[in-house]
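Only one structure is covered here, and it is reproduced in the block below.
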Amino acid sequence: MSNWHHRGQSWAPELITPESAGIAADPRALAGHLASADVREILDRHQALLIRGFDVTEASLAGVMPLLLPERLAYIHGNTPRTKVGENVYTSTEYPPEYAISMHSELSYAPAWPARLLFFCVQPSATGGATPLLDNAAWLAALDEPLRREFSGGLCYRQYLHGGRGFGKSWQATFETDDRAQVEKILAPTGTQWEWTAGNALRTRTVRPATIRHPATGEELWFNQADQWHPATLGEDTMRELASIVPADELPQSVTFADGSPIPAEYVTRIRDTGLELAHDIAWQQGDVLLVDNLTLAHGRRPYSGARRVLVAMSH
């Protein structure tokens, strides 16, 4: 949506309510409506779909989800802590509520990523906790030309995944298996380099572009997680604390330019702040279902207080 800027904050997801659809306010009626809807066309036109007012619960979500996600994927190679609560359904990132989660497209650092994300609000937070959305073409356009040029050569993402005890995620949790051979089978076709350490940890190294072209429109999209993987965005206190307990080569994740040269801290803070500033907030209501085109839109999370439970699932 290259005209995101011109419309300012006027962009919003396509909204389906019982009133707009002319149907009963219950999950069964919603499922019937979705069965005859062209979800792909809706996402192509609007990039996101918000379904509100149907009293969807965690139990009744099972009747709705297959109509929105053709084939649910496991959160394999994911870099954030989540809890699996159903068949390829997870809690959203379990990150301290007082911090924002910066804008990103899911698994944009990986050689393969989901095409669609589905979020479901079981319980909205007392305050805050919105999920911001941002058009990736608009994010790219908002970054200055010198910065874009610096990133044109691509990025190198590195992970250090411990073998069961240590800081960050284990390789077992990351790949949902205890079998090294299975991990290698997942990594082998992706171009990722890996090595096992003497302490049963796994190091991976993946070189990826910072932008990609939309397969249908050819539009260039900002599509990376440089700011999330860079220690500068953790804040100085956290960086110092980490450095005192974790050797540099055992950081759970880190990123450089593709040639190995460091990315200046000012670049990643500018990228992060630009994304969060431009984004459109989705303020959750209980029972909301949000479907997002993961290629064209980035998402994040605003800080919040009180209990909050939002589930996420993904598909091709």
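Nothing in this text is a laboratory measurement; each read-out follows from the coordinates by a stated rule. Keep in mind that what you see is a predicted model, and the values were worked out from it rather than measured.
So how many Å³ per residue does the convex hull of the Cα atoms of the range 212-305 work out to?
On the way: hull volume 15.4 nm³, N = 94.
Hull volume normalised by residue count: 164 Å³.
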Exercise for review: Can you tell me how much longer the chain between residue 213 and residue 14 gets when fully stretched, taken as 0.36 nm per residue apart minus their C-alpha distance, in nm with one decimal?
Suggested key: 69.3 nm
Point to revise | Estimated D of the range 142-272 in µm² per second, where Rh is the Kirkwood radius over Cα pairs and Stokes-Einstein applies at 10 °C, 1.306 mPa s | key: 98 µm²/s
Study note, to complete from the structure: Per GNM of the chain with C-alpha springs under 10 angstrom, the most fluctuating residue out of 208, 52, 149 is 149
Revision key, fill the gap. Within the set 60, 125, 108, GNM on the chain using Cα springs under 10 Å gives the largest fluctuation to 60
Review point. What are the ³J(HN,Hα) values, in whole Hz, obtained from phi via the Karplus relation 6.51 cos²θ - 1.76 cosθ + 1.60 with θ = phi - 60°, for each residue of the range 94-102 in sequence order, with x given for Gly and Pro?
Key: 8, 10, x, x, 6, 9, 6, 9, 6
Exercise for review: For the chain, with a Gaussian network of springs between Cα atoms less than 10 Å apart, report the residue from 35, 210, 137 with the top mean-square fluctuation.
Suggested key: 35
**Study point:** 10 Å-binned pair-distance histogram of the chain (Cα, whole percent)
**Key:** 6, 26, 35, 24, 8, 1, 0
Check your understanding: Using alpha carbon centroids, what distance separates the range 130-197 and the range 293-308, in Å?
Key -> 19 Å
Exercise for review: Round to a whole angstrom and tell me the spacing of the C-alpha centers of the range 28-87 and the range 95-109.
Suggested key: 20 Å
Review point. So what is the 222 nm mean residue ellipticity for the chain from helices alone, if each DSSP H run of at least 4 adds -39500 (n - 2.57) and you divide by all residues, rounding to the nearest 500 deg cm²/dmol?
Key: -7000 deg cm²/dmol
Check your understanding: Which whole-Hz ³J(HN,Hα) couplings does the range 114-120 yield from phi under the Karplus relation 6.51 cos²θ - 1.76 cosθ + 1.60, θ = phi - 60°, glycine and proline marked x?
Key -> x, 7, 10, 10, 10, 10, 10
